[in-house]
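Worksheet: the structure to be examined is printed underneath.
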Amino acid sequence: MASRNATQTTGFLRRRLQRAAPLLTMVSPVTVWMVILIAVPLIYVLFISFCSTDEAHHIVFAFTLQNYAKLFDPTLLSIYGNSLLIAGLTCLISILIGYPFATIMANSSPFKRTLMMVFLMLPFWTNSLIRLYGWRSILGSNGFINSVLQSLGLITQPLELLYNHFAVVLGMVYVLLPFMVLPIYTVILKLDHSLLEAASDLGARPARRFLKVTLPLTSSGIFAGSIMVFIPALGYFFVSNLMGGGTTQLIGNVIARQFKEAFNWPFGAALSIVLIIITLVLVRAYTKTGGKMDDLGAM
Amino acid sequence: MLMASQAIVELKNVDKRYGENHVVKDLNLAINEGEFLSILGPSGCGKTTTLRMIAGFEQQSSGTILVEGEPVEDKEPFERNVNTVFQSYALFPHMTVFENVAFGLKMKRTARAEIRERVQEALALVQLEGFEKRYPSQLSGGQKQRVAIARAIINQPKVLLLDEPLGALDLKLRKQMQLELKRLQKRLGITFVYVTHDQEEALTMSDRIAVMHEGILDQLDAPSRIYDFPATRFVADFIGESNIFDGLASPQGKNIVVTTEAGRVLGQNSGGFEEGEQVQVSVRPEKLRFDSEAREGFDLEGTVRENIFVGTFIKSILLLSSGQEVVLTSLSGQAVPEEGRSYHLFWEPSDAVILHSRSQEIWSTIANVDLSGFSAEADASADAGSAETGGANAAPASAGAASASAASASATPAAASAPAAAHRQKARA
Ligand SMILES: Nc1ncnc2c1ncn2[C@@H]1O[C@H](COP(=O)(O)OP(=O)(O)O)[C@@H](O)[C@H]1O
Ligand SMILES: [Mg+2]
């Protein structure tokens, strides 16, 4: 069934589809729409990943595994490793910032809560490219931080704050943080306060209470948020382009280059399939450990 | 009064306000070591708040709470030697039964072997052996309840606080658990402070009952005394059924003649009543008697409206000349008044409780005045007033009860009593 194939795409698509699943059986125009928009392109990507190209970069329809063989190129493997590392770091930092933020938000008065929510969502109303350019003007060699430090006489040479892993991770955290905060916030809001009281009543000091009760009962939010942050962090090539210059390569960069510069669509397709598989494995691990698809839909 | 050394928990002049909402009013309560004390009152009267202040989840607005003779204001819940059984059980959903029960011991860093042994013991005590590996979601309501109790007693607290622990169970299981809890309490010798709105539950289980009402402690006494000698109109109303007559007192030797709108009646003179004082006479339906001839001292007649058969007894509703309805119960097998006939009504003077209604009006006046600026003094004087009556017949009724005191017998259906109340007020005016 077409809708079934489609569910095995990305977390996003799968989520959308799962929600729509009961409708699909009844509303045929929707089914058709989904098939056209999601299933067909994906099947096409899968199909051309087994093709090759001629000198004029035209796709040649002849079955080959060469695109998949090329995946095991050492430089490519190191890019994969690097990309996973950056996504992991992004995730970790997002948890460290997002969890306290979500906790404070959940324990605030309704007014403050709304205010914090607005601040959190505000960036969504402007293009993230523009916002990243904002960061560039802060971190650049003529940027805000360097100007301040230089005028204070603390440094003579501008610091290289852009074009490194640090800048990429910063940009990623900046763009993806709301996706970490919202699922955690939702879970903390739902947390039964009497459980915390019971823990205190039984002699748990705040730190142990957090570790033994609060954290385990809100870990589903952390997992959901991590999925929502980790997967895009593998692919957001524009972040690494803007913040990392050429220094940092993500899986997303390699894929984009195959389609836009090298015109090797079959290889790009094979790389995409790998990304999809990574996504599916992560989502599967998430649901296996008791995570709910609905929590991924917290946005 | 109780000796201070006997009290394991003591509340002194405790007040609790949520903003404008005065939830607990000048509460004085000494709980004895090893007793089963129930806090009984209608929903919203401040029972849970009182319990939560003892546990440390809420801070009182003023007053002192002592546990084992020491003030606990500065102690966090995890530092207090009391444990709570929560209304909703509050079992940790991510832990097994074993881990739930072991939680308190783990927090104390008890050795593993000892934890194992003591958890087994606690589970045996609540008859849940073999359930160690289950999760709360795999338990029935009654089983969850038992786990909650085992978890709360594992640290051998001096005091166990229970907030309507049986509220969510069905009637049959509730009855069974009542007996089990009572047995458990006797066996462990732990002081139980048991919150309930179910008077029957409180009467069956408790050594003493504290009846609360709109944040005020109306009476603190043994169940039988609460039933036989209610200290306020509210208590007479809330515990069981009562026929309440408003009237004027005239003490005559060991009895008091009370002239009510429906006629003259007698009550026992327990002292402290003045000639012409406004009082209320409270008589239980089973103490009310009837005859075709008048009894000495009584001049009260009622017409039987209806006889209702309620299992082992028969409930007769009688209409008095004042328009007030009263309830009389007779055991089946005894003589039952005939429907439609008129009878003379009477009772043993010692079976009637006479309440000062004048004092209630004074208290209601005080409660009505806005004393937000110097309420502490007012509360203190209220305490001094009630202390005279010996602690047992303690605090005054609140504004609500006193204004309600114009209404007639509690036992009558509201609709029927309303015209009677209106009638009475006209008569007074
Ligand atoms: N956290 C709170 N904030 C404001 N008002 C509260 C709070 N907790 C309880 N109250 C109020 O205090 C009163 C007594 O509540 P409670 O102690 O729960 O009564 P009970 O347990 O006797 O039913 C109620 O009117 C309730 O609305
Ligand atoms: Mg309550």
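Derivation of every value follows stated rules applied to the coordinates shown; laboratory data play no part. Remember, it's a predicted structure, so these values are computed and weren't measured experimentally. Neighbour counts run over all protein chains shown; Cβ positions are idealised from the backbone, glycine included.
A few notes on this one:
- Number of partner chain Cβ atoms within 10 Å, mean per residue of B:78-90: 4
- Among residues other than A:T53 with Cβ under 14 Å from its Cβ, the summed charge is -2 (Lys and Arg +1, Asp and Glu -1).
- The lysines whose alpha-carbon is closer than 29 Å to the alpha-carbon of A:K70, local same-chain residues fewer than 8 away aside, are A:K260.
- GluC sites (Glu not before Pro) lying in DSSP loop within segment B:59-130, provided at most 13 other Cβ fall within 10 Å: B:E73, B:E129
- For the residue pairs A:K212/A:K288; B:K106/B:K186; B:K47/B:K133; B:K75/B:K175, the alpha carbons lie more than 24 Å apart in B:K106/B:K186; B:K47/B:K133; B:K75/B:K175.
- Based on Cα contacts under 8 Å between residues 6+ apart, segment A:70-297 shows a relative contact order of 26 percent.
- Taking Lys and Arg as +1 and Asp and Glu as -1, the other residues whose beta-carbon sits under 13 Å from that of A:N241 total +2.
- In terms of the mean number of neighbouring beta-carbon atoms within 10 Å, the peptides A:60-66, B:138-144 order highest first as B:138-144, A:60-66.
- Other residues whose C-beta falls under 15 angstrom from the C-beta of B:T303 contribute a net charge of -4, scoring Lys and Arg +1 and Asp and Glu -1.
- Of the peptides A:226-234, B:345-353, the ranking by mean beta-carbon count within 10 Å, highest at the top, reads A:226-234, B:345-353.
- Computed across segment B:1-144, the Kirkwood radius stands at 17.5 Å (inverse of mean 1/r, all Cα pairs).
- Helical segments meeting 20 Å axial Cα length and Kyte-Doolittle -1.0 threshold in chain A (DSSP H): A:74-106, A:165-190, A:215-235, A:265-288
- Alpha-carbon Debye profile of the protein assembly as shown, log10 I(q)/I(0) at 0.09 Å⁻¹: -0.94
- Selection from A:F263, A:G245, A:I273, by position along the positive dipole direction of segment A:226-299 (Cβ): A:I273
- Residue by residue along B:144-152, Cβ atoms of other protein chains within 10 Å of the local Cβ number 1 on average.
- Relative contact order %, segment B:243-356, counting alpha carbon pairs below 8 Å whose residues are six or more apart: 31 percent
- Distance between segment B:54-122 and segment A:116-162 - C-alpha centres, whole angstrom: 50 Å
- Summarising the label geometry, the points placed 7 Å from Cα in the beta-carbon direction at B:A111 and A:Y133 lie 7.1 nm from one another.
- Rg and Dmax [Cα atoms of segment B:243-356; Å; Rg one decimal, Dmax integer]: 14.0, 43
- Entries of A:K190/B:K158; A:K112/B:K158; B:K12/B:K158 with Cα pairs more than 30 Å apart: A:K190/B:K158; A:K112/B:K158
- Here B:K254 is the anchor, and the lysines within straight C-alpha reach of less than 23 Å, apart from those fewer than 8 places off in the same chain, are B:K287.
- Distant-in-sequence amide H partners of B:V159 (H built 1.01 Å from N, under 5 Å): B:N83
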